[in-house]
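Read the structure below first, then the notes.
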Amino acid sequence: MGISEAIYKRGKTAGVFPSLSTRRDEAYMDFIESARNLLLHAQQEPIGEYSKLLLKNAGKSMEPDPKSTAEAIELLMKDNVLKTYYRIKRTLQESFWECTYSSLHMRKNDLLRALDDAEKIGPGSVAYDLDFSIPEYATAEIHIQPGGNVNDPLSGLLYDYGSKVFMGGAADNDMFADMQASAVATPQNNKVHRILDLGCSAGVTTSALKRIYPDAEVWGIDISAHMVRYAHARALGQNLDINFKQMLAEELDFENNHFDIVVANLLFHEVPVSISRKILSETLRVLRPGGSFTLIDFSGDKSRDVYTMFFGAMDAADNGEPFLPGFVRSNVEEIMEARGFEMHPYDPDKFILAERIGFKPNH
Amino acid sequence: MTDKKLNDLDGLENLPGFKRGNPTYFENEVIDHLISITLELGAELWVVKDRLAHVEEVLSEHNKLSLDSLSTGKPSALLQEQLDLERTQIIKRIYGRLYSKYGGDVAEEKSAI
Ligand SMILES: C[S@@+](CC[C@H](N)C(=O)[O-])C[C@H]1O[C@@H](n2cnc3c(N)ncnc32)[C@H](O)[C@@H]1O
């Protein structure tokens, strides 16, 4: 049996995601995905309006500062409808992981063997070190994923399947990744020989970048060996020549002035701000003069009101996003500028996927 | 595999969300459990409906059933489409009322983005 068949013994779901082990698990997950779409995503706007009305009627401040945010949590979480919403959100998340974890672990040996086999062949490559020292901050169970990004041998598959269900269809067939990669800035003078994707996880954006720049040498790095192992197998399934390597974004093992494009998609809100600063310095170092850096992530608090801060704080606490509030408050575009990036105008009203684009100065 | 020395970061475990907790939202946590139970029952009911529809499809087409293929196979694309629609309607009908206070019971299905 070929590598991709072993991983995807039951075929792929939505084009690119590993199918779960049985039809039963898939049907269960269909329910979770639909319930998320109807009872969470579809509610976001109306429940936001409702919450803002509650805040307004109680005469609360709409400013996004920490004190107003704490008061909003206190007030809103007394409301029974909001309690219900957050109960449903947490329960669907727990049920989602319970099912995915047990379903994929049912085939654990097969899946690991497939990842081992994939390592031996190309196109592309993967490198990691099982004795790699993982900093403690990276052990958080983001999104309450069992084992988080680093502590389960199937982390990559779990993460990938998670992004399918969390995106509620928007990530199917890598549509979302292709959209994000198309927002990545071309460097000055348009020459693209080498591209680096920081915190690449399952290599989804990395692969989308390779599709846009088929002749470039593309690298994806991640702190987790389990992620890069899976990313390689996933890219192999798409016949893409990409190099994946386990590495800390804050300690890049590349020469100065090496890359034309560096990308970080949804990495920064998952690390402490002190690490973000180091990653930005390293990014500047490895970019060639005129090279572009595109950081895609949530918007900062300057473009928010107290409700979106409340929403983020709830996600942080109950959905394993410990570094999200710090990231939001850091307004990372300002740190980029202070570090020496030449900033492209930034649209602060873009809430979910704000691209901050900076270039390495030519002098 | 954790190296504490690599961090200049104290108090990580005090950050909300760093350690997986077990939050409850209602003063009476039985309500938390009841909501979770209804969701779980809904999911299990859906598993049975999906299985039944799959069994019916296989039987009507092949007149014989292999239990294995029910676990490893999939319904046809047409049946899957019907199931997707039915599932959405069931969830809306059963659970939508929880949000009727602000009109969320009639909200249309949406993906995350
Ligand atoms: C939300 S995911 C990124 C998603 C991915 N960029 C994409 O486009 O699909 C964050 C990833 O960053 C990785 N990560 C966290 N801290 C890191 C660090 N310091 N260096 C490299 N990777 C890191 C995690 O292991 C995780 O896989």
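The values are calculated or read from the model by the stated rules, or taken from the named source; none is laboratory data. These figures come from a predicted structure and were not determined experimentally. Positions of Cβ are generated from backbone atoms using ideal geometry, with glycine treated the same way; all protein chains shown enter the neighbour counts. Please note that ligands, DNA and RNA were not included when accessible areas were found on the heavy atoms of the full protein model with its side chains. Shrake-Rupley method; radii C 1.70, N 1.55, O 1.52, S 1.80 Å.
Look at A:I195 and say whether it is over 25 Å from A:E136 (Cβ atoms) and touching a strand residue (DSSP E or B) at 6+ places or on another chain (Cβ under 9 Å). Yes; evaluated as a whole, the condition is true for this residue. Do we have any residue at all in segment A:176-185 that's away from the ligand (no atom under 12 Å from the Cβ), touching a Phe, Trp or Tyr at 6+ places or on another chain (Cβ under 6 Å) and either in the same structural domain as A:A316 (by TED's automatic domain parsing) or more than 22 Å from A:T294 (Cα to Cα) (or both)? No, segment A:176-185 contains no residue that is away from the ligand (no atom under 12 Å from the Cβ), touching a Phe, Trp or Tyr at 6+ places or on another chain (Cβ under 6 Å) and either in the same structural domain as A:A316 (by TED's automatic domain parsing) or more than 22 Å from A:T294 (Cα to Cα) (or both).
If you go through segment A:315-338 and pick out every residue that is away from every other protein chain (no Cβ under 14 Å) and either assigned to a helix (DSSP H, G or I) or surrounded by 22 or more Cβ atoms within 10 Å (Cβ to Cβ) (or both), you end up with 8. Would you check which residues across segment A:294-303 are within 15 Å of the ligand (Cβ to nearest atom) and of a type outside the set (A, V, I, L, M) and list them? Once the filter is applied, which keeps residues that are within 15 Å of the ligand (Cβ to nearest atom) and of a type outside the set (A, V, I, L, M), segment A:294-303 yields A:T294, A:D297, A:F298.
Exactly one residue among A:I223, A:I142 is within 14 Å of another protein chain (Cβ to nearest Cβ), in contact with an Asp or Glu (Cβ under 7 Å, 6 or more places away or on another chain) and near the ligand (Cβ under 8 Å from one of its atoms), and that residue is A:I142. Of the residues making up segment A:40-68, those that are open to solvent by less than 30 Å² (accessible area, probe 1.4 Å) and either assigned by TED's automatic domain parsing to the domain that holds A:A202 or more than 29 Å from A:L154 (Cα to Cα) (or both) are A:A42, A:Q43, A:I47, A:G48, A:Y50, A:S51, A:L55, A:P64, A:S68.
So that you can scan it fast, the table gives a plain yes or no per residue for (1) facing another protein chain (nearest Cβ under 10 Å); (2) modelled with pLDDT of 90 or more; (3) at positive phi; (4) open to solvent by 70 Å² or more (accessible area, probe 1.4 Å):
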position	(1), (2), (3), (4)
B:H62	no, no, no, yes
B:S66	no, no, no, no
B:L70	yes, no, no, no
B:S76	no, yes, no, no
B:L79	no, yes, no, no
B:L83	yes, yes, no, no
B:Y95	yes, yes, no, no
B:K101	yes, yes, no, yes
B:A107	yes, no, no, no
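Taking the criterion of being charged (D, E, K, R), within 18 Å of A:A231 (Cβ to Cβ), assigned to a helix (DSSP H, G or I) and in contact with a helix residue (DSSP H, G or I) (Cβ under 8 Å, 6 or more places away or on another chain), would at least one residue in segment A:94-101 satisfy it? For segment A:94-101, residues charged (D, E, K, R), within 18 Å of A:A231 (Cβ to Cβ), assigned to a helix (DSSP H, G or I) and in contact with a helix residue (DSSP H, G or I) (Cβ under 8 Å, 6 or more places away or on another chain): absent.
Would you pick out the residues in segment A:246-293 that are assigned to a loop (DSSP other than H, G, I, E, B) and either away from chain B (no Cβ under 14 Å) or more than 12 Å from the ligand (Cβ to nearest atom) (or both)? Correct list: A:L252, A:D253, A:F254, A:E255, A:N256, A:N257, A:H258, A:L267.
The set of residues from segment A:268-308 being open to solvent by 40 Å² or more (accessible area, probe 1.4 Å), within 30 Å of A:N57 (Cβ to Cβ) and of a type in the set (K, R) comprises just one member, A:K302. What are the residues in segment B:46-60 that are open to solvent by 90 Å² or more (accessible area, probe 1.4 Å) and of a type in the set (A, V, I, L, M, F, W, C), if any? Selection gives B:V48, B:L52. Among A:L111, A:L92, A:L154, which is the only one that is away from chain B (no Cβ under 12 Å), open to solvent by less than 10 Å² (accessible area, probe 1.4 Å) and either more than 16 Å from the ligand (Cβ to nearest atom) or in contact with a strand residue (DSSP E or B) (Cβ under 7 Å, 6 or more places away or on another chain) (or both)? Exactly one residue qualifies, and that residue is A:L111.
Scanning segment A:132-148 for residues that are surrounded by 21 or more Cβ atoms within 10 Å (Cβ to Cβ) and touching a Phe, Trp or Tyr at 6+ places or on another chain (Cβ under 7 Å) returns A:A140, A:Q145. Regarding B:G11, is this residue within 8 Å of chain A (Cβ to nearest Cβ) and out of contact with any strand residue (DSSP E or B) (no Cβ under 9 Å at 6 or more places or on another chain)? Considered against the rule, which asks whether it is within 8 Å of chain A (Cβ to nearest Cβ) and out of contact with any strand residue (DSSP E or B) (no Cβ under 9 Å at 6 or more places or on another chain), B:G11 comes out as no.
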